[in-house]
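Novice: Take this structure, written in structure tokens, and hold onto it; I'll ask about it next.
The values are calculated or read from the model by the stated rules, or taken from the named source; none is laboratory data. If you're wondering where the values come from, they're calculated on a predicted model, not measured in any experiment. Ideal geometry is used to build each Cβ from the backbone, glycine not excepted, and the neighbour counts take in all protein chains shown. Surface areas here come from the heavy atoms of the whole protein model, side chains and all, with no ligands, DNA or RNA. Shrake-Rupley method; radii C 1.70, N 1.55, O 1.52, S 1.80 Å.
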Amino acid sequence: MLDADFFRRWMTATAVSVEHEAERLTALDSPIGDADHGSNLQRGFRAVATALDKEEPGTPGAVLILAGRTLISTVGGASGPLYGTLLRRTGKALGDAAEVDEREFAEALRTGVDAVSQLGGAAPGDKTMIDALVPAVDALGRSFAAARSAAEEGALATTPLQARKGRASYLGERSVGHQDPGATSSAILIAALAETAGE
Amino acid sequence: MKMLINVAETVVADALRGMAAAHPELTVDVENRVIVRRDAPVAGKVGLVSGGGSGHEPLHGGFVGPGMLSAACPGEVFTSPVPDQMVRAAAAVDSGAGVLFIVKNYTGDVLNFDMAAELAEDEGIQIAKVLVDDDVAVTDSLYTAGRRGTGATLFVEKIVGAAAEEGRPLERVEALARQVNENSRSFGVALSACSTPAKGSPTFDLPAGELELGVGIHGEPGRERRAMMTSREIADFSVNAILEDMHPRNPVLVLVNGMGATPLLELYGFNAEVQRVLTDRGVPVARTLVGNYVTSLDMAGASVTLCQVDEDLLRLWDAPVRTAGLRWGM
């Protein structure tokens, strides 16, 4: 069973990974975006870590809702609303339960991913974070480790795609050949999840 | 890249403190990042709120004041502001007549303003939105996020600002904003990439002998790269790209906009070429504005925006305005 502490550690682990990977994310964002994805997420997850320390939410749902709300009010850009919605809607789907099992969490995360897809209007293959998140959710039924591999493969598979959503879409064919920074940060989020689960 | 900054993290806050010191006629909330005209809310007047990433100065904070915006929300450099800022701005300028959000068509701006509109409406503020998408370099299709919003933002903010000052109601102000956007088209070129403070080096690689055609205002690469062209050739290419998309029957407003690092000497010379093409193509020019208005940090280059105007629009364009970045008639 997964409790509030598990979700708090997931968010903290994500914040640590984002610190480590910020430069790489920004480098990925330079050729096809505007070179700020790493610094934006860094600002957001630092704020998430601070907020979780201060407010100490007591249920899995409350942890993710607070994290999502914090991202929306600190990140800006497209990443703020998209990641904020992912976590907030996943948290809302978890409800008030003090503990959730892995199957319930997988279902809730799928609700969150669907909400992101709807908000951004993106489908798999559009070269966005959805390309890492959808395979991750599909694999989550097997194990956290499987979800991590699926997300990483999904992120790598964005390289040959032409962007159809977000700022990279303005480049048309010139977005081909670059790994999507959003899919990459999503893979980091899922990797932190597997790490938290000890897988 | 050498920059006149302390550290990248405080660039926006530092600029806002400096702006507050230079412009006592504005209320600058540095902590919450909202710039409001000092006399807001003005009784009976629709509030105009815009915002977007920093790095495009004087857009948007430099366009706050009588005759133009009521408030602006600057985000991080090239990053949309967050909904909290927009809700604060709306609350600060709403006199009960409602607030128009002027949003440039970038995914982040659209999502954050959408969320803010919902939150502001929950607080009882009537919100209308207009999306600016004037950039002909980006083709609209089912598969793209649509055209980018660039130079036409200035025309929308100025013309609609004058209409709001006259006391027009929200639905008419909103309709006018859509009309100005529909009447406007832009095209931009970059001679060099820009450097964001966070990255500290050029955001894309543009060799010395080349230029980017159809560049956006975030240092994102354009659609096509070519060997460097003359001012005359760039004017031909840019204006023709616009006129392929719009066929003005009325006179146009012309904005020859610098991207930040191109001197006025070059911009005026470029304007001479732009006017020549327009004359050759039989397009009458009503007014022309030349300068750095919608910039991209230290990018060299320029954009051209044309806005077709009737008598009402031209009168509103000529109406008095008093802001840090644009002022005439008062």
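Novice: Which whole-Hz ³J(HN,Hα) couplings does segment B:201-208 yield from phi under the Karplus relation 6.51 cos²θ - 1.76 cosθ + 1.60, θ = phi - 60°, glycine and proline marked x?
Specialist: 9, x, 6, 8, 9, 10, x, 3
Novice: Using amide H atoms built in the peptide plane, which far-off residues or other-chain residues are under 5 Å from B:Val99 H to H?
Specialist: B:Gly47, B:Gln126, B:Ile127, B:Ala128
Novice: Can you give the alpha-carbon Rg of chain B over 2.2 N^0.38 Å, where N counts its residues?
Specialist: Against the empirical 2.2 N^0.38 Å value, I get 0.94 for chain B.
Novice: List the accessible area buried at the contact between B and A, summed over both sides and calculated with a 1.4 Å probe, in Å² to the nearest 100.
Specialist: 2500 Å²
Novice: Just from the alpha-carbon atoms, what are the Rg and Dmax of segment A:85-153 in angstroms?
Specialist: When restricted to the Cα atoms of segment A:85-153, Rg and Dmax are 11.9, 37 Å.
Novice: Report the Cα-based extents of segment B:173-267 along its three principal axes, largest first, to the nearest Å.
Specialist: Projected onto its principal axes, the Cα set of segment B:173-267 covers 41, 32, 26 Å.
Novice: Give the accessible surface of chain A per residue, rounded to a whole number of Å², with probe radius 1.4 Å and ligands, DNA and RNA excluded.
Specialist: Dividing the accessible area of chain A by its residue count gives 38 Å².
Novice: Quick check on segment B:73-120: what does the Kirkwood estimate of hydrodynamic radius come out to from the alpha carbon pairs, in Å? Spell out each step's value before the answer.
Specialist: Numbers: mean 1/r = 0.0918 Å⁻¹.
Across segment B:73-120, the inverse of the average 1/r is 10.9 Å.
Novice: Still on this structure, I have one more. Using just the helices of chain A, give the 222 nm mean residue ellipticity in deg cm²/dmol: DSSP H runs with n ≥ 4 each add -39,500 (n - 2.57), and the total is spread over all residues, rounded to 500.
Specialist: -23500 deg cm²/dmol
Novice: With a cut-off of 8 Å between alpha carbons and a minimum separation of six or more residues, what is the relative contact order of chain B in percent?
Specialist: RCO, chain B: 18 percent.
Novice: Now, a different point. Residue by residue, what Karplus-based ³J(HN,Hα) values in Hz, rounded to whole numbers, does segment B:282-297 have, using 6.51, -1.76 and 1.60 with θ = phi - 60° and x for Gly and Pro?
Specialist: Karplus-based 3J(HN,Hα) across segment B:282-297 equals x, 9, x, 9, 8, 8, 9, 10, 10, x, 8, 10, 10, 9, 10, 6 Hz.
Novice: Okay, next question. Express the C-alpha Rg of segment B:1-107 as a ratio against the empirical globular expectation 2.2 N^0.38 Å, rounded to two decimals. The partial results should precede the final answer.
Specialist: Numbers: Rg = 13.5 Å, N = 107, 2.2 N^0.38 = 13.0 Å.
Compactness ratio reported: 1.04.
Novice: Grab the beta carbon distance between A:Ala98 and A:His20, set R0 = 35 Å, and tell me the FRET efficiency rounded to 0.05.
Specialist: After rounding to 0.05, the efficiency reads 0.65.
Novice: On to the next question. Principal axis extents for segment A:129-185, Cα atoms only, whole Å, descending order, please.
Specialist: Principal-axis extents of segment A:129-185 (Cα, largest first): 37, 16, 14 Å.
Novice: Next question, about the same structure. Residue-wise, which Karplus ³J(HN,Hα) couplings in Hz belong to segment B:251-265, taking 6.51 cos²θ - 1.76 cosθ + 1.60, θ = phi - 60°, and x for glycine or proline?
Specialist: x, 10, 7, 10, 10, 9, 10, x, 7, x, 10, 9, x, 4, 3
Novice: Something else about it: Protein chains only, probe 1.4 Å: how do B:Glu121, B:Glu210 rank by accessible area, largest first?
Specialist: On the way: B:Glu121 95, B:Glu210 60 Å².
Of B:Glu121, B:Glu210, the descending order of accessible area is B:Glu121, B:Glu210.
Novice: Continuing with this model, one more query. So who's got an amide H within less than 5 Å of the one on A:Gly166, skipping anything under 5 residues away but keeping other chains? H placed 1.01 Å off N, in plane.
Specialist: Counting only residues 5 or more places away or on other chains, the set is B:Ala145.
Novice: Another one. Sort B:Trp328, A:Trp10 by heavy-atom solvent-accessible area, probe 1.4 angstrom, most to least.
Specialist: Descending accessible area places them as B:Trp328, A:Trp10.
Novice: Separate question: On alpha-carbon atoms, Rg over Rh for chain A using Kirkwood Rh? Show your work: numbers first, answer last.
Specialist: Details: Rg = 15.4 Å, Rh = 16.3 Å.
Rounded to two decimals, Rg over Rh is 0.95.
Novice: Rounded to the nearest 0.05, what FRET efficiency do B:Arg226 and B:Asp310 give with R0 = 25 Å and r taken as the Cβ-Cβ distance? Could you check?
Specialist: Given R0 = 25 Å and the Cβ-Cβ separation, E is 0.10.
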